[in-house]
Amino acid sequence: MHDNVYVDKQQHIVDFAFNKDVVAVFPDMIRRSVPGYETIIPMTGLIAARHLGDEGTAYDLGCSLGASTLAILQQSKAAKIHVVGIDNSSAMIEEARQQITDSRASFECADLLSTPVQDAKVVVLNFVAQFLEPQERLALFTRLQAEMHPDGLLIVSEKVRNMDDTMQSVFDETHLNWKRANGYSDLEVSQKRQALENVMKVDTEEMQLQRFQEAGFNVAKQWFRCLNWASFLVYKRLPTS
Ligand SMILES: C[S@@+](CC[C@H](N)C(=O)[O-])C[C@H]1O[C@@H](n2cnc3c(N)ncnc32)[C@H](O)[C@@H]1O
C-alpha cells in the first residue's frame with residue numbers, strides 16, 4: 001500500500017509512532033525512505049543464514065513486519081533454526097504473524113530492552129537502536145554481548161550522522177533528492193522530518209564502532225554504507241572462516 005501518511009498538511013505534527021496507520025504502508029515507506037534498505041535486508045538474510053548453519057536461534061529485535069526474519073528463513077533450508085521476531089508495537093506483531101507462517105519463526109510483542117537473547121547465534125537490529133534513548137544503547141549492547149553464544153554475530157543497521165559538516169550537507173541534499181525522485185513531496189518530507197525529530201536520535205559511525213568495542217565485542221566491521229545509512233557486522237570473537 002502506498003505511503004500517504006504525510007501527504008495532507010497537518011495542523012499539529014505529532015511524534016512519529018509505529019501505529020496502525022504506519023503498519024499499513026510500512027514496506028512502501030521504508031523502501032522509499034531508507035537508501036540501501038533493499039540491499040541490507042536480503043544481505044542480512046544471507047549473512048545470518050550462513051552464520052546460523054544447521055541449527056541455532058536468531059533474534060530479530062525491532063522486527064516490525066519481519067522483513068529480516070523472512071530474509072533469514074528464505075536463505076536457510078535448515079529445519080533446526082529458529083528466528084524470534086520481537087517488537088513492542090502490537091500492530092506490527094499482529095501483521096507479522098499473519099504474513100509469516102513458517103514454523104521456524106515466532107513473534108512476540110515485547111520491549112527488546114528486557115528480552116533475553118540467551119545463547120543466540122545471531123541478533124539483528126535493523127534500524128532500531130536509533131529509536132532507543134541514547135543512554136540505553138550501551139547497556140543494551142553490553143547485555144547482548146554477555147548473553148549471546150560465544151560465536152555470536154550481531155547485525156546492526158542504523159542511520160548515522162557525519163563528523164564532517166560538508167559531507168553531511170552533501171548526503172542530506174542527495175537524500176532529499178532521492179526521496180523526491182521516489183515520489184515524496186517537499187511537504188511530506190518536511191512533516192515526516194518534524195515527526196521524527198524527537199524520536200530518532202542518530203549517532204556517528206565512530207560512536208557506533210566505539211560502543212560495540214565498549215560493550216565487549218571483539219570485531220566490528222562496517223560492511224555497507226549509502227549516504228547516511230550504514231550496516232555493521234559485530235562479532236563476539238573473530239570468526240574462523
Ligand atoms: C524502523 S523500524 C525497524 C524495521 C525493521 N527492523 C526492518 O528492517 O524492516 C523500528 C521498529 O522498532 C520497534 N521498536 C522501537 N523501540 C522498541 C523497543 N524498545 N522494543 C521493541 N521494539 C521496538 C518499533 O516498533 C518499530 O517497529
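The values are calculated or read from the model by the stated rules, or taken from the named source; none is laboratory data. Computed from a prediction, not measured in an experiment: that's the story for all the values here. Cβ coordinates were reconstructed from backbone atoms using ideal geometry, including for glycine residues, and neighbour counts include every protein chain displayed. When the accessible area is computed, the model is the full protein with side chains, heavy atoms only, and any ligands, DNA or RNA have been set aside. Shrake-Rupley method; radii C 1.70, N 1.55, O 1.52, S 1.80 Å.
Some notes on this structure:
- Solvent-accessible area of Glu205 with every protein chain in place, 1.4 Å probe, in Å² to the nearest 10: 50
- Over 30 Å (Cα to Cα) - which of Lys80/Lys221; Lys80/Lys236; Lys20/Lys236 fall in this group: Lys20/Lys236
- For the chain, the Cβ-based charge dipole about the Cα centre amounts to some 540 debye (Lys, Arg positive; Asp, Glu negative; other atoms uncharged).
- Stokes-Einstein D (µm²/s) once Rh is taken as the Kirkwood radius of the chain over alpha-carbon pairs, at 25 °C in 0.890 mPa s: 133
- Partner lysines for Lys9 [C-alpha distance under 19 Å; skip if fewer than 8 residues away on the same chain]: Lys179, Lys192
- With all protein chains in place and a 1.4 Å probe, the accessible surface of segment 90-191 carries 49 percent carbon and sulfur.
- Solvent exposure of the chain as accessible area per residue, Å², 1.4 Å probe: 49
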